[in-house]
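Here, each number is a calculation from the coordinates, and none is a lab measurement. Remember, it's a predicted structure, so these values are computed and weren't measured experimentally. As a convention, Cβ positions derive from the backbone with ideal geometry for all residues, glycine included, and neighbour counts pool all protein chains shown.
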Amino acid sequence: MFSVKIRGVNIGVSFSFFAVTAIMLLYGGALCGEIFTALVCCVLHELGHLTFMALFSDKPESVVLYGGGIRIRPGSGRLLSSAADMLILLSGCAVNFLAAGIWYLISGFDFFCAVNLLLGVFNLLPFKYFDGGRALEKLLKGSRSYDIIRALFIFLAAVCVIQMNLNGALSVSFALTFFFVVLSEILY
């Protein structure tokens with residue numbers, strides 16, 4: 001991994017980011033515009049988190065681009081309120097929804113609008129790895145309900161994968177995403 005420290009924050013790019021980007025460009029050469037649009041939407045999402053972290057004077061320890069996206073690690077010794085943590089967690093999705101809404105008003109519903117909506121909704125899923133899971137965990141504070149909600153969503157996603165496979169409409173990216181989510185639930 002390549003990393004540099006800027007103003008006390010480790011900024012890094014992992015090998016997996018380059019590998020995934022290269023694979024996407026090699027196999028999706030015609031999709032370069034869509035790939036770039038998706039990356040812009042991801043950057044907007046993370047800028048939402050970073051903006052609210054700055055508003056609450058919460059400097060991140062690191063920001064790393066990797067094959068699965070961008071990971072912001074909060075600074076150690078954080079003393080933020082639960083409300084501030086919730087705002088920081090949900091701000092990325094809020095920025096995606098805001099960008100989609102503004103873009104829709106200006107240009108109508110297109111790929112940029114769709115990707116922002118999808119990214120916002122996807123990150124609200126109640127899995128530990130995503131913003132929604134961490135926000136739900138803070139909201140329910142270790143309650144048994146948290147585990148039940150996560151298990152229900154994993155079950156529903158598994159049903160979708162099986163149903164799509166039986167209908168011959170299984171998207172490879174959806175299946176890979178499902179397995180990534182399950183692995184992240186186990187390992188995270």
When only Cα pairs under 8 Å and 6 or more residues apart are kept, what is the percent relative contact order across region 47-104? 38 percent
Förster radius 41 Å - calculated FRET efficiency between Asn167 and Phe2, Cβ distance, rounded to 0.05: 0.40
Can you check what the net charge comes to around Asp147, using other residues whose Cβ is under 11 Å from the Cβ of Asp147 (Lys, Arg +1; Asp, Glu -1)? +1
Explain nothing, just compute: Karplus ³J(HN,Hα) = 6.51 cos²θ - 1.76 cosθ + 1.60, θ = phi - 60°, for every residue of region 42-48 in order, whole Hz, x for Gly and Pro. 5, 5, 4, 4, 5, 5, x
Under a cut-off of 18 Å between alpha-carbon atoms, report the lysines in cross-link reach of Lys5, not counting same-chain residues fewer than 8 places apart. Lys59
Debye intensity ratio I(q)/I(0), log10, region 123-173, q values 0.16, 0.18, 0.25, 0.29 Å⁻¹ (C-alpha model): -0.52, -0.61, -0.86, -1.00
How large is log10 I(q)/I(0) at q = 0.08 Å⁻¹ when the Debye formula is applied to the Cα atoms of the chain, each weighted equally and without solvent? -0.29
Distance in nm between label sites at Ile35 and Ala22, each 7 Å beyond Cα in the beta-carbon direction? 1.2 nm
Which value in nm describes the separation of the simple spin-label points at Asp110 and Leu80, placed 7 Å from the Cα toward the beta carbon? 3.4 nm
Run the helix sum for the chain: -39,500 (n - 2.57) per DSSP H stretch of 4+ residues, divided by residue count, reported at 222 nm to the nearest 500 deg cm²/dmol. -22500 deg cm²/dmol
Along the Cα→Cβ direction, 7 angstrom out, place labels at Ile102 and Arg144. What is the inter-label distance in nm? 4.6 nm
The answer for the net charge of residues other than Ile6 whose Cβ lies under 14 angstrom from its Cβ, with Lys and Arg +1 and Asp and Glu -1, is +2
Can you tell me the relative contact order of the chain? Whole percent, Cα pairs under 8 Å, sequence separation 6 or more. 16 percent
Only Cα pairs under 8 Å and at least 6 apart count here; give the relative contact order of region 89-188 as a rounded whole percent. 22 percent
